[in-house]
Amino acid sequence: MSGRLIFTAAIVIAQLTSATAQQQTPALNHPVSTMLKTRCLECHSSEARSGGMNLEARLASFNPETDVDDWAKVEHAVVSGKMPPPDETALTETQRQQFRTWFDKEFVMPGGVQHPGPNRPRRLTREELQNTLEDILHVDLRVTVTNSRLHVIPETIIEKFFSASVIGDSGFSNDAVTLSEETIDIQTYSRCFSLVLSLLDSNEQARQQLFGQSSLPEEVTVADARPWIESFARSAWRRPGTPQEIAALTNVFEQVSRHGSAWEGIKASMLATLLSPSFLFRLEDTIAAAPESGRTAASSVTTVPPSELAVRLSYFLWSAPPDEELLRLAEDGTLQNDDVLRQQVRRMLADPKRVALAENLGGEWFDYKKLRQQSALNKRSDKMAGFYRTQFEEALLFFDSVIRYRQPVFSLVDADWAYLNAHQKNIYRLQTETKSFDEPEPLPPINLHYRDDSRQIHTQNYEYQHAPLTAVKLLDPDRGGFVTLGPTLSVTSTENRTSPIRRGVWVLERLLGQHLEVPDDVPDLDETRKKAKVDNRKLTNVELLKLHSSQAGCASCHQFIDPIGFGLEVFDQLGITRSITDENPSGEKLEWTPAETPKSYTDQAWTVTEPLIPGKETRVFFQYSKGRHRLNIRNVRLTSGEHVLEDRHFGFTGTARRDNVWFFPIPGDAPATGWTLTAEIQGDGGTDSHGIITIAGSDNTHPGYELPNGNSFRSPEELKQLLLSDYRDQITDNAIRRVLGYALGRKTLPVDRPAIEQIKDSIRDNGFRLTDLIEAVVLSFPFRHKEAP
């Protein structure tokens with residue numbers, strides 16, 4: 001065929017394809033079309049794409065499958081009352097209901113039946129690849145972690161070859177769409193797998209499990225090798241190989257062993273098996289099965305076969321292939337039974353492999369997986385790498401504890417416990433007690449950094465040892481839950497400073513499930529800084545952000561983001577409670593003068609007249625005002641009757657402040673009045689020292705930070721309480737969507753709404769426990785069904 005003929009044919013094919021596409025996407029012909037045209041196109045046309053939405057094009061070419069995201073945005077705007085805007089005449093309730101009915105028919109229950117949504121081939125993520133190789137080859141790829149406090153979490157073989165996966169629209173790296181968009185370098189896979197297979201050279205135990213013998217004879221025939229090849233292909237591909245596939249792998253063995261050893265031939269066939277799409281991708285059978293009973297053939301909905309259900313379940317809970325028990329239940333056809341599925345979920349959650357949920361589901365949902373990477377790659381110092389490692393462990397153990405002790409999903413927002421050691425507790429300046437859980441039969445603990453019970457963190461007599469983290473009860477109500485967990489506060493900051501914007505966005509997105517898009521016309525932060533310099537205004541970072549957020553193009557989102565972010569400014573960029581967040585903290589003012597300043601350490605007492613707040617924290621600020629000498633302070637106490645509270649750290653205040661704030665959690669049963677402040681003080685070098693002591697325990701007149709619903713909070717504790725009282729439904733719905741999206745490997749869609757409501761109903765009676773949510777997702781319609789082609 002000549003080049004001109006090929007070119008002409010391509011044009012004809014393109015024209016035919018275009019014509020077919022136009023035939024398949026007709027204009028929307030429905031009463032809601034008229035409503036949208038008359039009320040919306042002035043701002044959302046081809047010329048005026050307000051908010052990036054070209055509704056005119058969506059109406060002219062209506063395609064429910066490709067344009068579902070845009071129509072979901074339209075539905076949210078209409079149902080929530082955001083469209084039309086406040087300065088326009090609102091839609092009537094009849095119009096809104098008409099739109100809801102139409103949307104449900106087109107996008108939620110197409111054809112009047114429940115749909116499981118799209119199911120795309122999913123390439124194994126970096127973590128799934130590593131776990132799968134470990135399981136099918138019976139080798140350890142996770143590098144030994146030491147108990148040195150300054151030691152990083154070392155990279156594994158897989159992590160050295162492959163970078164961290166990109167987070168998709170589902171919020172997770174196992175998103176099928178995002179994984180399909182990443183390039184595959186088969187040479188990189190080949191080099192990596194060859195290195196992994198070389199671990200078998202000296203691993204007799206692994207060879208024994210693979211071949212039934214620790215060493216192979218020098219002479220291995222094709223007939224001898226075929227059972228090994230078939231067995232390995234079955235475990236690697238998660239299905240039996242076809243006769244043609246096994247013949248191809250056997251041919252690889254024959255060709256290589258002819259010019260080398262039988263062992264090299266076996267490894268070559270194993271490498272070919274691993275480089276197959278059947279290993280690299282989770283491919284499900286596309287042959288249409290019989291429609292589910294009670295449904296018409298047109299619905300094209302089929303149940304997931306037992307073998308595929310076993311794979312879905314194992315990669316959901318373990319990020320790894322099915323074990324022997326799952327495979328046996330799939331083969332005998334009982335895995336699809338509800339009771340069997342429930343029993344398997346509980347068995348698998350009791351296995352150390354559930355660490356994958358804390359690493360991947362929790363780690364990407366709450367962002368602490370970044371700390372694992374920062375520990376491995378930190379360029380600042382070994383000390384910071386060790387700190388990030390500890391924060392990663394804090395978050396991982398906390399997330400797992402919500403599963404282990406069968407706690408409600410609301411514990412993810414606020415909890416009275418954390419996982420700390422003495423070193424980390426002192427860094428955060430926390431006071432704790434022993435924590436006990438009410439759960440009578442908790443799940444076994446996970447093995448930190450490993451997936452089994454046998455491997456342990458390597459212990460040596462290091463000068464700086466990394467002490468294990470244990471569950472402790474937090475006495476400061478401002479702490480607890482992911483909102484104020486040190487790892488969260490760290491990952492939502494830059495390297496050198498906090499970021500109120502990041503923290504506000506994090507709460508809205510990760511907890512409430514709100515998706516915030518950066519507007520096209522957002523002003524540049526540097527331009528705001530330059531503008532402030534022109535006006536001769538010297539602004540702090542907080543003032544600069546407030547000025548920036550008030551500008552056109554920013555205020556609509558920042559009115560919700562900033563209050564939350566600024567309300568968390570009591571914590572610094574590492575999650576440590578700030579000594580001073582205000583140059584003039586509110587509270588009762590006392591003072592010291594030269595008359596109260598001794599030359600040597602002496603107890604000095606002050607009477608506290610304003611009431612403190614039982615159940616909350618009081619802070620005592622020593623702030624220098626004038627004089628030639630600083631004040632040294634130690635052994636600070638607050639006493640009232642039998643209640644004696646102590647903070648014995650040393651601090652001083654002078655021209656520079658250092659550790660000049662003391663923290664006192666006031667017990668809930670303590671009195672509000674009758675307190676005395678006592679401290680050992682000394683004038684360093686003389687007695688000419690003046691200053692103010694602020695008792696920041698009395699209620700103050702701070703106006704508070706306003707949430708999107710208009711309610712205000714003045715402390716992180718109040719923020720968490722308002723989130724759980726005012727946004728309880730949003731938190732629940734977001735948790736369901738997150739877990740379901742992770743399990744399905746895709747973002748949730750309108751067709752998932754019936755399943756989400758069913759899951760919500762099923763976990764309500766038991767208090768919305770996370771373990772029940774995981775179980776309900778496994779039993780859900782989209783997890784157990786798929787669309788036939």
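Could you work out how far apart the two model spin labels at Asp684 and Asn63 are, taking each label as a point 7 Å from the Cα in the direction of the beta carbon, and quote it in nm? Roughly 7.1 nm, to one decimal. Using alpha carbons only, how many angstrom separate the centre of the stretch 64-88 from the centre of the stretch 313-355? Cα centroid of the stretch 64-88 versus Cα centroid of the stretch 313-355: 40 Å apart.
Ranking Gly168, Thr748, Gly575 by Cα position along the charge dipole of the chain, where only Lys, Arg, Asp and Glu carry charges on their C-beta atoms, puts Gly575 farthest toward the positive end. Centre-to-centre separation between the Cα atoms of the stretch 224-246 and those of the stretch 110-127: 27 Å. So if the hydrodynamic radius of the stretch 345-480 is defined as the Kirkwood radius over C-alpha pairs, what does Stokes-Einstein give as its diffusion coefficient at 37 °C and 0.692 mPa s, in µm² per second? In µm²/s, the coefficient is 207.
Of the peptides 735-742, 611-618, how do they stack up when ordered by the mean number of other Cβ atoms within 10 Å, highest first? Mind dumping the intermediate values first?
On the way: 735-742: 23.2, 611-618: 17.8.
Top to bottom by mean Cβ count within 10 Å: 735-742, 611-618.
Which is farthest toward the positive dipole end of the chain among Leu719, Trp417, Gly651, measuring Cα position about the Cα centre, with Cβ charges +1 (Lys, Arg) and -1 (Asp, Glu)? Among Leu719, Trp417, Gly651, the one farthest towards the positive end of the dipole of the chain is Gly651.
If packing is taken as the average number of other Cβ atoms within 10 Å across a peptide's residues, how do 246-252, 330-336, 113-119 rank, most packed first? Please report the intermediate quantities before stating the final value.
Numbers: 246-252: 16.6, 330-336: 15.0, 113-119: 19.4.
The peptides rank, most packed first, as 113-119, 246-252, 330-336.
The residue among Pro594, Gly212, Val661 whose Cα reaches farthest toward the positive pole of the charge dipole of the chain, with charges on the beta-carbon of Lys, Arg, Asp and Glu, is Pro594.
Kirkwood Rh, the stretch 171-211, all Cα pairs: how many Å? Don't skip to the answer; put the middle values down first.
Working: mean 1/r = 0.0780 Å⁻¹.
Hydrodynamic radius (Kirkwood, Cα only) of the stretch 171-211 equals 12.8 Å.
Counting only alpha carbon atoms, the long axis of helix 243-259 and the longest principal axis of the chain meet at about 80°. Taking Cα atoms only, the orientation of helix 753-764 departs from the longest principal axis of the chain by about 50 degrees. To the nearest 20 debye, what charge dipole does the stretch 712-789 have about its Cα centre, counting +1 at the Cβ of each Lys and Arg and -1 at the Cβ of each Asp and Glu? For the stretch 712-789, the charge dipole is close to 280 debye.
Using the empirical formula 2.2 N^0.38 Å as the baseline, the Cα radius of gyration of the stretch 221-268 reaches a ratio of 1.06.
Dipole magnitude for the stretch 168-282: about 240 debye, using +1 per Lys or Arg Cβ and -1 per Asp or Glu Cβ, origin at the Cα centre.
Which FRET efficiency value, to the nearest 0.05, do you get for Leu724 and Ser180 by plugging their Cβ-Cβ distance into 1/(1 + (r/R0)^6) with R0 = 45 Å?
Details: r = 38 Å, r/R0 = 0.84.
That pair, Leu724 with Ser180, gives E of 0.75.
Orientation-averaged projection of the chain equals 44.9 nm² [convex hull of Cα atoms, one quarter of hull surface area]. Normalised by 2.2 N^0.38 Å, where N counts its residues, the alpha-carbon radius of gyration of the stretch 83-225 equals 1.79. For a paramagnetic label modelled on Asp669 (point 7 Å from Cα along Cα→Cβ), amide N atoms under 17 Å away belong, within the stretch 431-456, to 433-434.
With charges set only on the Cβ (+1 for Lys and Arg, -1 for Asp and Glu), what does the dipole of the stretch 232-292 come to about its Cα centre, in debye to the nearest 20?
Values: 6 positive and 6 negative charges, 42 e Å.
So the dipole magnitude of the stretch 232-292 works out to roughly 200 debye.
Quick one: if the Förster radius is 41 Å, what FRET efficiency do Leu141 and Arg648 give, using the C-beta to C-beta distance and rounding to 0.05? After rounding, the FRET efficiency stands at 0.30. Against the main long axis of the alpha-carbon atoms of the chain, helix 716-726 sits at an angle near 50°. Available extension along the chain between Ala248 and Gln95 is 48.8 nm, counting 0.36 nm per residue and deducting the alpha carbon span. Distance between the 7 Å Cα→Cβ label points at Ala422 and Ser33: 7.5 nm.
Judged by the mean number of other Cβ atoms found within 10 Å, the most tightly packed of the peptides 64-72, 753-761 leads the ranking 753-761, 64-72.
Bear in mind that the values in this text are calculations on the coordinates, not laboratory data. The structure displayed is predicted, hence computed values, not measured ones. In this analysis, Cβ positions are derived from the backbone assuming ideal geometry, glycine residues included, and neighbour counts consider all displayed protein chains.
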